[in-house]
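Some notes on the structure that comes next.
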Amino acid sequence: MSCYVKAIFLNRPNRFIAEVLINDKEVIAHVPNTGRCRELLVPNTIVYLTKSNNPNRKIKYSLVIVENRGKLVYIDSQLPNGIVHEGLKAKAIPELSNYDNIKREATVKDSRIDFYLSKAGEDKGCYIEVKGVTLVDDNNRALFPDAPTERGSKHIESLIELKKRRL
């Protein structure tokens with residue numbers, strides 16, 4: 001893990017930033033996950049940061065990994081979509097490998113669904129919404145969401161409506 005900077009989590013004043021300690025020096029880090037992450041971002045927890053070399057970036061660090069119950073939890077909410085996109089392109093997901101076209105951020109009414117897959121020459125396709133999971137219960141089960149979410153409810157309602165239209 002040489003490309004990561006080890007730190008101690010102190011506080012999360014808002015959903016976009018965290019206060020952390022790196023070698024006894026307090027530093028601000030961007031949090032790339034707007035979820036609550038209350039079970040993960042607990043004072044004195046070990047976290048791992050990445051450092052940006054972009055001279056125009058105000059906050060140089062991003063908090064991307066949290067140690068939790070002896071395991072590392074990656075909290076960057078954009079990572080799951082990238083992994084799924086790579087899997088779709090590589091046809092690594094057997095149930096979805098017969099689709100020819102992959103569209104990211106497909107607009108459905110006033111929502112954006114993560115992926116729309118279609119086959120050449122066919123009208124009907126497949127919508128996919130991807131969610132990363134950061135909440136783990138005492139039985140070591142991953143749970144989503146970690147908090148009530150209006151946006152998540154809207155996505156579910158859009159997917160239900162799309163499914164009804166296909167029946």
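Laid out as a table, the results:
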read-out	value
Farthest toward positive dipole pole in the range 79-166 [+1 Lys/Arg, -1 Asp/Glu at C-beta], among Phe144, Phe115, Val84	Phe115
Within the chain, helix-based [θ] at 222 nm, where runs of 4 or more DSSP H residues each add -39,500 (n - 2.57), nearest 500	-5500 deg cm²/dmol
Rounded to 10°, Cα long-axis angle of helix 79-89 versus longest principal axis of the chain	40 degrees
Kirkwood hydrodynamic radius (C-alpha pairs) into Stokes-Einstein, the chain, 20 °C and 1.002 mPa s, D in µm²/s	118 µm²/s
Cα-based equivalent ellipsoid, the range 86-158: semi-axes from gyration tensor eigenvalues, Å	27, 18, 8
Overall Cα dimensions of the range 5-74 - principal axes, largest extent first, Å	36, 26, 19
0 to 90° range, to nearest 10: angle between helix 150-166 axis and the chain longest Cα axis	20 degrees
Centroid-to-centroid separation of the range 14-36 and the range 37-92 [C-alpha atoms, Å]	12 Å
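Here, each number is a calculation from the coordinates, and none is a lab measurement. A quick note: this is a predicted structure, and the numbers were derived from the prediction, not measured. Heads up, the Cβs are rebuilt from the backbone with ideal geometry, glycines too, and the neighbour counts pull from every protein chain shown.
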